[in-house]
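Undergrad: One structure, as structure tokens, below. Some questions next.
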Amino acid sequence: MLRLVSLKLGRLYRYVKLAVLGSLAAALVLNTHSLLASLQRNELSERRFLQLNKCPACWGTSWCRKFLNGQLRLESWGRLRLFDFFNVKNVYFARYGEPREGSRRVVLKRLGSAQELADIDTKICRRATGRGRCDLLQALHATEFASLNGDVRLLTPDAVEGWSDLVHCPSQRLLDRLVRRYAETKDSGSFLLRNLKDSERMQLLIPLAFNPEPLVLQSFPSDEGWPFAKYLGACGRMVAVNYVGEELWSYFNAPWEKRVDLAWQLMEIAEQLTNNDFEFALYLLDVSFDNFAVGPRDGKVIIVDAENVLVADKRLIRQNKPENWDVWYESKFDDCDKEACLSFSKEILCARVTVDHNYYAICQNLLSRHATWRGTSGGLLHDPPAEIAKDGRLEALLDECANPKKRYGRFQAAKELREYLAQLSNNVR
């Protein structure tokens with residue numbers, strides 16, 4: 001009986017697969033002319049494709065000249081709109097070339113799915129008119145974004161608190177940094193909000209409220225050693241960042257020595273984001289294999305998805321001294337049997353100086369036996385060599401880092417794990 005059922009299911013799967021392939025083939029045949037046309041034209045130079053008509057409810061305009069002059073071209077299949085159905089995240093690969101300098105690969109992001117971008121328009125309309133549809137540009141003038149006009153000297157915490165993860169608990173020092181590092185203005189370097197043009201101010205506030213990833217990349221730039229992809233510029237609702245390399249996921253079955261080096265780098269990232277000279281703690285609220293990439297030449301691990309980053313100002317916490325501010329906070333292990341699970345309280349992350357969240361997130365979701373991704377288990381450090389498995393130290397440290405048995409055990413385990421991985425990969429620096 002079971003064999004009969006499995007045969008029927010297998011046959012059904014083949015029929016469905018053939019139907020899907022047949023539908024795609026038919027679509028290709030019926031749309032041959034339009035497909036050829038889309039391969040020939042450069043949509044990245046078209047204002048409609050870039051959604052420039054949405055500005056200033058957009059991400060910026062600093063790279064518009066490059067886009068509109070045809071200096072960026074989508075790669076291969078990215079030119080076919082037929083495949084947008086599979087490109088849910090609206091991430092594209094393109095070639096960018098300055099005259100006489102050749103071309104390089106860049107990544108273009110709309111910073112949301114088609115539905116998420118439509119939801120932004122709906123939210124703006126509802127805030128302004130109470131209705132879901134409206135004249136977007138007119139509606140902007142009736143929102144809280146417009147209230148932060150040229151008469152407002154500074155961007156202050158009470159105006160933006162809770163807009164997004166980045167400013168869930170903002171300090172004045174953080175907001176001054178966001179404005180001063182804002183790259184979509186020619187007058188960068190000033191922390192005064194009123195020094196921005198009306199359109200520039202709006203293009204700062206819109207991503208701050210809906211998807212602050214560009215502002216994270218600008219405020220904590222790779223050029224200064226932060227482990228994020230480099231922000232290049234924006235045009236309409238398209239942001240350009242440098243191409244880092246293949247996702248961390250593609251290294252899941254890499255040689256052991258390579259995986260050890262990547263694991264060490266991940267723990268170093270957790271440490272840098274938690275403890276740094278600037279006294280900003282950057283907590284990763286979404287940690288999965290596709291949020292990191294690895295440089296093909298230098299082998300460096302970089303964060304390529306920075307939408308869900310909460311920044312806590314340790315100086316402000318020490319100054320305000322909220323309840324239990326100096327008590328070490330241990331994140332609770334979340335055994336949810338799903339991919340990329342994390343348990344955290346934003347309020348606690350905002351109110352404690354010493355927090356183990358980043359160690360917990362990296363260990364649980366990427367390194368330890370609890371990490372699951374795309375049907376795999378065992379984490380990045382699965383199947384260690386026999387002598388390391390027999391020694392048992394690595395497994396013990398990973399288990400304590402992911403799901404500590406001792407009080408404050410994760411803090412010590414993370415420290416020892418970083419040192420042990422450095423020793424294994426000869427990365428003692």
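The values are calculated or read from the model by the stated rules, or taken from the named source; none is laboratory data. Keep in mind it's a predicted model, so treat the numbers as computed, not measured. Counting neighbours? That spans all protein chains shown, and the Cβs are built from the backbone with ideal geometry, glycine included. To get the accessible areas, we keep the full protein, side chains included, count just its heavy atoms, and leave off ligands, DNA and RNA. Shrake-Rupley method; radii C 1.70, N 1.55, O 1.52, S 1.80 Å.
Undergrad: Identify the single condition in (1) under 28 Å from ASP286 (Cβ atoms); (2) touching a Gly at 6+ places or on another chain (Cβ under 7 Å) that ASP198 does not satisfy, given that it satisfies every other one.
TA: (1)
Undergrad: List the number of the failed condition for SER171; all other conditions in (1) at pLDDT below 95; (2) more than 25 Å from ASP198 (Cβ to Cβ) hold.
TA: (1)
Undergrad: Restricting to region 401-415, give me the number of residues that are charged (D, E, K, R) and open to solvent by less than 30 Å² (accessible area, probe 1.4 Å).
TA: 1
Undergrad: For region 313-328, which residues satisfy the criterion of being in a loop (DSSP other than H, G, I, E, B), open to solvent by 100 Å² or more (accessible area, probe 1.4 Å) and without any contact (Cβ under 8 Å) to a residue 40 or more places away in the chain?
TA: Result: LYS321, GLU323.
Undergrad: If you don't mind, there's one more thing I want to ask. Of the conditions (1) polar (S, T, N, Q); (2) under 18 Å from TRP63 (Cβ atoms); (3) open to solvent by less than 10 Å² (accessible area, probe 1.4 Å), ASN242 clears all except one; give me its number.
TA: (3)
Undergrad: So how many residues does region 403-429 have that are under 26 Å from the mean Cα position of the chain (by Cα) and within 11 Å of ASP356 (Cβ to Cβ)?
TA: Result for region 403-429: 4.
Undergrad: Regarding GLU184, is this residue out of contact with any Pro (no Cβ under 6 Å at 6 or more places or on another chain), assigned to a helix (DSSP H, G or I) and acidic (Asp, Glu)?
TA: No: the conditions fail for GLU184.
Undergrad: Now a separate question. Out of region 380-398, which residues are open to solvent by 30 Å² or more (accessible area, probe 1.4 Å) and assigned to a helix (DSSP H, G or I)?
TA: Within region 380-398, ALA386, GLU387, ALA389, LYS390, ASP391, ARG393, GLU395, ALA396 qualify.
Undergrad: Hey, another quick one. Could you tell me whether region 58-77 includes any residue that is modelled with pLDDT under 85 and farther than 23 Å from VAL216 by Cα?
TA: Yes: one or more hits.
Undergrad: For SER331, which of the numbered conditions (1) farther than 24 Å from TYR251 by Cβ; (2) touching a Ser or Thr at 6+ places or on another chain (Cβ under 7 Å); (3) open to solvent by 30 Å² or more (accessible area, probe 1.4 Å); (4) not acidic (Asp, Glu) fails to hold?
TA: Tallying (1) farther than 24 Å from TYR251 by Cβ; (2) touching a Ser or Thr at 6+ places or on another chain (Cβ under 7 Å); (3) open to solvent by 30 Å² or more (accessible area, probe 1.4 Å); (4) not acidic (Asp, Glu), SER331 fails exactly one: (3).
Undergrad: Let me ask another. Looking at region 166-182, which of the residues that are crowded, with 19+ Cβ neighbours inside 10 Å and within 25 Å of CYS235 (Cβ to Cβ) is nearest to the chain's Cα centre (by Cα)?
TA: LEU166
Undergrad: Mind listing whichever residues of region 107-159 are among the β-branched types (Val, Ile, Thr), over 17 Å from ARG194 (Cβ atoms) and either assigned to a loop (DSSP other than H, G, I, E, B) or open to solvent by less than 20 Å² (accessible area, probe 1.4 Å) (or both)?
TA: Hits for region 107-159 are VAL107, ILE120, ILE124, THR143.
Undergrad: Let me ask something else about it. Scan region 301-321 and tell me whether some residue there is of a type in the set (Gly, Ala, Ser) and within 30 Å of PRO385 (Cα to Cα).
TA: For region 301-321, residues of a type in the set (Gly, Ala, Ser) and within 30 Å of PRO385 (Cα to Cα): absent.
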